[in-house]
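Student: Questions regarding the structure given below will be posed in turn.
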């Protein structure tokens with residue numbers, strides 16, 4: 001029952017979010033291994049929609065924390081498969097931001113990519129995360145990247 005109420009609360013809060021470029025300052029976890037579970041999860045999904053070597057993602061450093069472990073894992077993993085990452089708004093790139101919410105043992109990660117919103121809930125374990133549900137996707141379609 002407690003988990004159901006937490007999930008309901010998360011879904012209600014999702015409708016209240018107005019600023020797409022937001023990153024919570026609370027750490028995701030203290031291990032690179034835990035971060036990589038979340039990063040690799042979104043990476044697998046995006047590889048189906050945005051071709052590497054043809055796609056540059058723009059991470060707005062005004063709203064995203066660029067110098068932390070999660071961001072470093074995120075950028076390193078994306079670059080390793082061929083995506084380009086920039087913090088320069090003048091470059092023709094796809095805007096990408098994320099938001100991380102912590103509620104008890106649940107962690108919700110929401111990504112804003114162009115006009116799309118992708119969200120997934122994870123259950124926190126002692127050393128990592130486990131996907132709690134499937135991705136919730138709004139507006140993501142096939143694209144040729146930029």
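Student: Hey, can you tell me all the residues within the stretch 40-56 that are part of a helix (DSSP H, G or I) and touching a residue at least 12 places away in the same chain (Cβ under 8 Å)?
Tutor: Start the filter on the stretch 40-56 by keeping residues that are part of a helix (DSSP H, G or I), which leaves 40-47.
Within the stretch 40-56, 40, 41, 42, 43, 45, 46, 47 qualify.
Student: Only residues that are in a loop (DSSP other than H, G, I, E, B), within 15 Å of residue 98 (Cα to Cα) and either in contact with a strand residue (DSSP E or B) (Cβ under 8 Å, 6 or more places away or on another chain) or in contact (Cβ under 8 Å) with a residue 40 or more places away in the chain (or both): list them for the stretch 110-138, please. Reasoning before the result, please.
Tutor: In the first step, residues of the stretch 110-138 are kept if they are in a loop (DSSP other than H, G, I, E, B); the result is 114-115, 125-128, 132-135.
Keeping just the survivors that are within 15 Å of residue 98 (Cα to Cα) gives 114-115, 135.
Across the stretch 110-138, the qualifying residues are 114, 135.
Student: Sticking with this one: Give 31, 86, 18, 61 a once-over and let me know the one that is over 11 Å from the mean Cα position of the chain (by Cα), more than 21 Å from residue 120 (Cβ to Cβ) and modelled with pLDDT under 85. Walk me through it before giving the result.
Tutor: On the way: 31 fails: more than 21 Å from residue 120 (Cβ to Cβ); 86 fails: modelled with pLDDT under 85; 18 fails: more than 21 Å from residue 120 (Cβ to Cβ).
Sole residue among the options that is over 11 Å from the mean Cα position of the chain (by Cα), more than 21 Å from residue 120 (Cβ to Cβ) and modelled with pLDDT under 85: 61.
The values are calculated or read from the model by the stated rules, or taken from the named source; none is laboratory data. Only a predicted model underlies this, so the values are computations on that prediction, with no experimental measurement involved. All Cβ positions, glycine included, derive from the backbone under ideal geometry; neighbour counts span all protein chains shown.
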